[in-house]
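A quick write-up on the structure given underneath.
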Amino acid sequence: MRRIAKLDHQYVWHPFTQMRDWLKQEPIVITKGKGATLTAADGRDYLDANSSIWTNLHGHNHPRINRAIRAQLDKIAHSSALGFANEPASLLAEKLVQAANPKLPRARFKNPRLQKVFFSDDGSTAMEAAMKLSYEFTRRSGLSKRPRFLSLEGAYHGDTVGAVSAGHIDLFHSAFSQMLFKTDKVMAPYCYRCPHNQAQPERADARNYRKCNWECVDKVESQFAKRAKSTRPITAMIVEPRVQGAAGVIPQPAGWLKRVAEIARGHGAQLIADEVMTGFGRTGGRLPGRNPQPGPLFASHVEGVQPDFLCVAKGLTGGYTPQAATLTTQEVFDVFLGEYSEFKSFFHGHSFTGNQIGSAAGIASMELLNTQTSIRARERLERQFSKELQSLWSQENVGDVRQVGLLAGIELVKDWQTRKPFELADKAGIRVCDAMAARGVLTRPIGNVIMLMPPYCTTAKQLSKMVAALRESIDEIAGR
């Protein structure tokens, strides 16, 4: 075993990892990367098929982002945002506000304008800030003395206490239940396993052949109506727009987001959009309207929805450094204004808020995203992705293939005709990912769902290899 691997085993505790299993084998030690390729200590190359846990947009070692970071290093790496401003953070905030306010079609309820940016460290803290801001805004505005949040079944919004309280994945969250505050949950639109979907399994995305009456939307309305009669009405709804990531890549059928947004608005509730995974062009799509424009950076906007809070992280810096942001309205900002003695400040912060290195990387990343070259490349890659994924329907152990833009979840089952799932103890997802690694492709399962999320720089040949490795690995674990 190589020295670094030994040191890892001796000292490092990995997240979301059963360390007993980890310690049984030598880990892949990544030493460098270029584009969509990662290189290990043994010199072997691997394709990064999950964008380094959903963060890397433009590929590793991108020259434009590298230059931006080096130029900033020659000035300053970090200074406090508590009492001081800095150039990169201010410029990045401007770009975020510009990107977060596209021209959307007229909606039933007026869409707010996002004007203020609160920087933090990662997706969890972006969500934590949004929940705290929403909570205090609701109380200070006299809307409710005891604000209450609604989120979806299977929701995962991070690992801080507030974010965990809004999460509903027992495997991740139940151990901490005594530390959390109560939030409401409502069924997610999981078409493939929805009890209201009367369609028999087909060899196609379940969203496209479902037979239902939008019961999932009715459940949202019922939950709001039920709480409206209580002393604690729902004051904010939290959602990952277009697709739930950690729930198992659960995409929402077209129209769902717009419908539930109108329900929330109709009950006077705020919307908190968790775009930590879905943001910065990942979910593809086009802006709605008579002359739809390509390349919306945020999933919410694909259905013409503008949230009151927009939480971003992961791809904000192109996957280079930890950096996050919570965008909100002038109205929310104003309730925190007052005399010093009133203590109306937002008492929440981080040592590295608005860090210059991360902000410089973020500026470069956003400039790349907005180029016509990048927009066209993402569209081409998305079209090829759809074609490549079609080959997976021939696999007996593939139940559903769910693609949204440049991410896809492939749900493994024992029998596609009955949707019978593998038991978690079967480790089907883990075994498939191990077989993919042996073929030079790295990704990570979510239970029995294999995620593919290629960097935007992925070539046609590389994308084909990613899907082929998955197809061959499913055959291998099935003994074919």
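What follows draws every value from the coordinates through simple rules; no lab data is involved. Small disclaimer: the values here were computed from a predicted structure and weren't measured. Using ideal geometry, Cβ is built from the backbone for each residue, glycine included, and neighbour counts are taken over all protein chains shown.
Cβ crowding within 10 Å, taken as a proxy for footprinting-reagent exposure, orders E379, E339 from fewest neighbours to most as E339, E379. Three semi-axes describe the equivalent ellipsoid of the range 80-124; taken as square roots of 5 times the Cα gyration tensor eigenvalues and ordered largest first, they are 27, 12, 9 Å. Sorting 255-262, 369-376 by average packing, meaning the other beta carbons within 10 Å per residue, from highest down gives 255-262, 369-376.
Computed over the Cα atoms of the range 7-64, pair by distinct pair, the Kirkwood hydrodynamic radius stands at 12.9 angstrom. Going from the residue with the fewest nearby Cβ atoms within 10 Å to the one with the most, L368, L470, L47 rank L368, L47, L470. Measure up K219/K427; K211/K387; K95/K258; K145/K229; K116/K258 against 21 Å on the Cα-Cα distance and list the ones that go over. K219/K427; K211/K387; K95/K258; K116/K258, as the Cα separations exceed 21 Å there.
For the chain, the 222 nm mean residue ellipticity estimated from helices alone, with every DSSP H stretch of n ≥ 4 adding -39500 (n - 2.57) and the total spread over all residues, rounds to -10000 deg cm²/dmol. For the range 439-449, putting each phi into the Karplus relation 6.51 cos²θ - 1.76 cosθ + 1.60 with θ = phi - 60° gives couplings of 9, x, 10, 10, 8, 9, x, 10, x, 9, 10 Hz, in residue order, rounded to whole numbers and with x for Gly and Pro.
Fewest neighbouring Cβ atoms within 10 Å first, the residues V12, V186, V161 line up as V12, V161, V186. Sparsely packed loop sites in the range 65-172 (the trypsin sites (Lys or Arg not before Pro) outside DSSP H, G, I, E and B with at most 12 other Cβ atoms within 10 Å) comprise K75, K103, R106, R108, K110, R113, K145.
Applying both filters, DSSP loop and at most 15 other Cβ atoms within 10 Å, to the chymotrypsin sites (Phe, Trp or Tyr not before Pro) of the range 88-172 gives F109. The alpha carbon radius of gyration of the range 87-370, expressed as a multiple of 2.2 N^0.38 Å, is 0.98.
Once C-alpha pairs closer than 8 Å and six or more residues apart are averaged by separation and normalised to the residue number of the range 87-370, the relative contact order reads 26 percent. Suppose we take every Cα in the chain and form the convex hull; what volume per residue is that in Å³? That works out to 160 Å³ per residue. Full extension of the chain between I4 and L337 gives 114.8 nm of extra length, using 0.36 nm per residue less the Cα-Cα distance. Distance between the 7 Å Cα→Cβ label points at M179 and R108: 4.0 nm. Bridges between two residues of the chain, per DSSP, are antiparallel at a rate of about 70%.
Measuring r between the beta carbons of N208 and R286 and using R0 = 30 Å, the FRET efficiency lands at 0.95. A straight chain from N66 to D426 at 0.36 nm per residue would run longer than the Cα-Cα distance by 125.4 nm.
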